[in-house]
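First the structure, in the form of structure tokens, and then the observations on it.
Only the coordinates and a few stated rules stand behind these numbers; no lab work does. Note that the structure is predicted; figures quoted are calculated from it, not measured. Glycine also receives a Cβ, built like all others from the backbone with ideal geometry; neighbour counts cover every protein chain displayed.
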Amino acid sequence: MSEAVPSEAAVVTCALTGVLTDPAKHPVPVTAEEMAASAREAFEAGASVMHVHFRRQEPGLGHMPSWDPDVAEGMVAAIRAACPGVIINMSTGVVGPDISGPVACLERVRPEVAACNAGTLNYLKLRSNGQWAWPPMVFDNPVSKVQGFLDAMERSGTKPEFECFDTGILRSVDMFRRSGMTDGRPPEVNLVMGVASGMPADPDWLPLLRKSIPDGSPWSVTAIGREDVWPLHRRTAELGGHLRTGVEDTFYLPDGSRCRGNGDLVEALVTVAREAGRTVASPDQARHILGLTGEVTHG
């Protein structure tokens, strides 16, 4: 029998580490042991999904991404052992047309969910002095690349989570569905808000953005920034969205203090959810909500 799922249940995701954040400067886990320990703190605080990036394991290179399937397998195995029943959501983001690295990791790890970046964005950030924070770059995700990832995810039994950095990218998701690129089920949508050249981390945008989310789709918000992202989390919870935080997205708690790690952030996000009248989904409940298995039974 399916586990009853309260209609107000919110799925909480922890973004454990991110792609390039320097562990010498910030509390980001890098090794399999660190990832497992940090995931366990987040899991105990209420996160049922772990969004994972893989990092180089050589000394001094922990700030760099890795697409080594052995590294991916070791990290995911450690997280699963530390967090029984947890849902793995794997990052797949790469610049350029070569997706062989992420695909090899998908095939090895076979996560239940993986990020599928749904469109191209000029990925920019400007410092207060008017200089670029990094050389202007294009995060390229043409339809052919999206299709390549969707094909790989179908082979690995992985559900795509469509990452939407801007409004046009969000509007494309339903076109993917209607064109037959997806399996026809309501696609899972993640609104990435707070990238300087994408959608702002502004709660007032959410009612409008919801109009472009396909009917029946589970949706969540990735809120990137400092303590100012917490009103966005609160509005997401109030509007029925699912919730994500972690040191990939912010290092700051609602009061402006710096977090010690992922456990602190998830604990604060669960408090926001409950204050908005939401319960926190267990891993099995999250699977039903996200359409990973079975049918939803509301209790």
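Of the three principal axes defined by the Cα atoms of the range 145-271, the extents in descending order read 46, 31, 26 Å.
In the range 183-299, what percentage of the DSSP-assigned beta bridges are antiparallel, given to the nearest 5? Numbers along the way, then the final one.
Details: 1 of 10 bridges.
Rounded to the nearest five, the antiparallel share is 10 percent.
Suppose every Lys and Arg Cβ carries +1 and every Asp and Glu Cβ carries -1, with no other charges. What dipole size does the range 80-182 come out with about its Cα centre, to the nearest 20 debye? Each step should come with its number before you reach the end.
Details: 11 positive and 10 negative charges, 29 e Å.
For this selection, approximately 140 debye.
Applying the Kirkwood pairwise sum to the alpha-carbon positions of the chain produces a hydrodynamic radius of 19.1 angstrom. Contact order, relative form, for the range 4-298: 23 percent (alpha carbon pairs under 8 Å, 6 or more residues apart, mean separation divided by residue count). The distance from the alpha carbon centre of the range 164-188 to that of the range 121-154 is 18 Å, rounded to a whole number.
Step by step: find N for the range 29-73, compute 2.2 N^0.38 Å, then divide the Cα radius of gyration by it. What's the final number? Walk me through the intermediate numbers first.
On the way: Rg = 11.3 Å, N = 45, 2.2 N^0.38 = 9.3 Å.
Normalised Cα radius of gyration, the range 29-73: 1.21.
Sorted fewest first by neighbouring Cβ atoms within 10 angstrom, Arg260, Arg127 come out as Arg127, Arg260.
Which of the three applies to the range 190-241, rounded, prolate or oblate, going by the alpha-carbon gyration tensor with a ≥ b ≥ c and a/c under 1.5 meaning rounded? List each step's numbers first, then the result.
On the way: a/c = 2.01, a/b = 1.47, b/c = 1.36.
Prolate, since a/c reaches 1.5 and a/b exceeds b/c.
For Lys211, Lys125, the sequence from fewest to most other C-beta atoms within 10 Å is Lys211, Lys125.
About the Cα centre, and with charges only on the beta carbon of Lys, Arg (+1) and Asp, Glu (-1), how big is the dipole of the chain? Nearest 20 debye, please. Dipole about the Cα centre, nearest 20: 400 debye.
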